[in-house]
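No value in this document is a laboratory result; all are computed from the given coordinates. Just so we're clear, the structure is a prediction, and the values are computed from it rather than from any experiment. With ideal geometry, Cβ positions are generated from the backbone for all residues, glycine too; neighbour counts draw on all protein chains shown.
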Number of protein chains: 2
Amino acid sequence: MVKTLRPQNYNEVLYVAHYFRKGVTVLMDLSDLSHDEAKQLVDFAAGLVFARRGALGRVDRRLFLLQP
Amino acid sequence: MVKTLRPQNYNEVLYVAHYFRKGVTVLMDLSDLSHDEAKQLVDFAAGLVFARRGALGRVDRRLFLLQP
């Protein structure tokens, strides 16, 4: 199962974290964010993934796959 | 035990992650980084901490405590 999420602002990274922490693979679509916000979410996601020895992949310019 | 780390660049966040992942409380001193790099490390740390249901506290302007 892959959960696709398209955060509308920085705070919505919490949804990404929520699913990821439950062991769900998340496809994170950052198309609706500014460049700066998108960068912040990628850094957050990197930390999230690193903590659980998961994997963070860039699928497209604004699309990232987080695997627990 | 608290491990104090003072990253010199973005890549050195890996040392922070390494200790944190082992269950060590880390005091992260960002004094030597630019504003932008420091911001990136804080976002990374936020993700790291969130993944493990830990706590991220700001001790001082450039000093953060990561508790597993």
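Worth pointing out:
- Note on segment B:2-67: with charges restricted to the Cβ of Lys and Arg (+1) and Asp and Glu (-1), its dipole about the Cα centre is near 360 debye.
- Magnitude of the charge dipole for the protein assembly as shown, about its Cα centre and with charges confined to Cβ atoms of Lys, Arg (+1) and Asp, Glu (-1), is about 640 debye.
- Relative packing of peptides A:55-61, B:50-56 - highest average C-beta neighbours within 10 Å first: B:50-56, A:55-61
- Spatially, chain A and segment B:8-39 are offset by 20 Å when compared through their Cα centroids.
- Where only DSSP H runs of four or more residues are counted, chain B gives -12000 deg cm²/dmol as its mean residue ellipticity at 222 nm, each run worth -39500 (n - 2.57).
- The smallest convex shape that holds all Cα atoms of segment A:1-65, its convex hull, gives 70 Å³ per residue.
- Under 19 Å of direct C-alpha separation, and excluding same-chain neighbours fewer than eight residues apart, B:Lys39 reaches these lysines: A:Lys39.
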